Amino acid sequence: MNIAGVCGAAIVCAVLSLLVKKHNGEAAFALQVCGCVIIILYVIGEVSQITETIRDMAENFSINLEYIEVIIKALGICFLTEFASDCCNDAGCSALGNNVLLCGKIMILIAAMPMLQDLLSLALGLLSAG
Amino acid sequence: MDVDMIFKIAAIGIIVAVLNQLLVRSGREEQALLTTLAGLIVALMMIIGQIDNLFDTIKSVFGL
């Protein structure tokens, strides 16, 4: 994991994009997207370590693994939608970007719905028991 | 991390910009437009594989 390499690649990509932008805006946009993809691809390999550690910790503390899976899935949806929305915003289509973000939020809500149901049924059970 | 891709796309952008200027100056606007289009398609074809790779990796890492 080399953070200096990531920073250098980002700066180089920004400078090249600035150079190309005046004469060829489409290529500048392609350059920006390419830079984003390369940097994320570089760092995403390390994220699997983090998720593995979180799963191990959850097992050690005997937390239900289903809940952890939901959180990790929400994190993935956030990654994807942020990337797509930033690309759309860069291309000047902020409406499209905001729609993608909204879609992501709804998807996360859908993913978290079973958890909410569990919580509510638990609360209901406690109330009826009392 | 293959930074080569960034340089390749920047080179495509510069070459297409130069060709575009030359063709416009010599009064061939249609060919200039087609050159810009071809450059964009080449750049996008290069990126699309990487984007596919990224999405597959994210899907496998986060279990989507």
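Every number here is computed from the coordinates shown, using simple stated rules; none is lab data. The structure presented is a predicted model; accordingly, all values stated were derived computationally and were not measured. Cβ atoms come from the backbone with ideal geometry, glycine included; neighbour counts cover every protein chain shown.
Summary table below
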| quantity | calculated |
| --- | --- |
| Alpha-carbon centroid distance for the pair the range A:6-64 / chain B, whole angstrom | 19 Å |
| Pair B:Phe55, A:Asp86: separation of 7 Å Cα→Cβ label points (nm) | 1.8 nm |
| Whole-percent pair-distance distribution, where bins are 10 Å wide, for the alpha carbons of the range A:8-66 | 21, 29, 17, 16, 13, 4 |
| In order through the range B:47-64: 3J(HN,Hα) via Karplus (6.51 cos²θ - 1.76 cosθ + 1.60), integer Hz, x for Gly, Pro | 6, 4, x, 5, 5, 4, 4, 4, 5, 4, 5, 4, 4, 6, 5, 9, x, 7 |
| Label-to-label distance, nm, for residues given as A:Glu66 and B:Leu33 (7 Å Cα→Cβ offset) | 5.8 nm |
| Per-residue Cβ neighbour rank within 10 angstrom, fewest leading, A:Phe79, B:Phe62, B:Phe55, A:Phe61 | A:Phe61, B:Phe55, A:Phe79, B:Phe62 |
| The protein assembly as shown, Rg to Rh (Cα coordinates; Rh as Kirkwood inverse mean 1/r) | 1.15 |
| Descending Cα extents along the principal axes, the range B:4-62, whole Å | 53, 20, 10 |
| Selection from A:Leu122, A:Leu101, A:Tyr67, by position along the positive dipole direction of the range A:64-130 (Cβ) | A:Leu122 |
| Note, ³J(HN,Hα) from phi for the range A:47-53, Karplus 6.51, -1.76, 1.60, rounded to Hz, x at Gly and Pro | 5, 4, 4, 4, 5, 4, 4 |
| Rounded to whole Hz, the Karplus (6.51, -1.76, 1.60) HN-Hα couplings of the range A:102-111, x for glycine and proline | 4, 4, x, 4, 5, 4, 5, 4, 5, 5 |
| Residue-averaged 222 nm ellipticity for the protein assembly as shown, from DSSP H runs of 4+ at -39500 (n - 2.57), nearest 500 | -32000 deg cm²/dmol |
| Relative contact order for chain A, counting Cα pairs under 8 Å that sit 6 or more residues apart, in percent | 16 percent |
